[in-house]
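The values are calculated or read from the model by the stated rules, or taken from the named source; none is laboratory data. On a predicted model such as this, the values are computed, not experimentally measured, just so you know. For neighbour counting, all protein chains shown are included, and Cβ atoms are generated from backbone atoms with ideal geometry for every residue, glycine included. Surface areas here come from the heavy atoms of the whole protein model, side chains and all, with no ligands, DNA or RNA. Shrake-Rupley method; radii C 1.70, N 1.55, O 1.52, S 1.80 Å.
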Amino acid sequence: MHNKFKLSYKARKRWSLVILVVGLPIYIIVAVNFLALFERPSILLEFLIYVGLGVIWALPLKFIFRGVGVEDADSK
C-alpha cells in the first residue's frame, strides 16, 4: 500500500521523537485512567488488555517509524 503522505527522513525522525516523548506518555495516562473507571479484572485479563493497548498505539503510526533507525537513503 502506497501512502499519499510522503514524509522526508528528517521529518519522520522528528515526528517519531515527538510521538515517543510527548504522545506516548499521554496515551499511557489516558489508557490507565480509562481502565481505572472499571472494576479490576483478573491479572491475566488485565495483562492482555495492557499488551493489546501497547501494540495498538503503534499500528496507525508505523509509516512514521519505518526506516528511522537506519541511515538516510536520500542523503547519498
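Here are some notes:
- On the chain, 71 percent of the accessible area sits on carbon and sulfur atoms, based on a 1.4 Å probe.
- log₁₀ of I(q)/I(0) at q = 0.13, 0.15, 0.17, 0.27 Å⁻¹ - the chain, Debye sum with one point per alpha carbon: -0.54, -0.66, -0.77, -1.29
- Lys/Arg +1, Asp/Glu -1 at C-beta; the chain dipole; positive extreme among PRO41, PHE63, PRO25: PHE63
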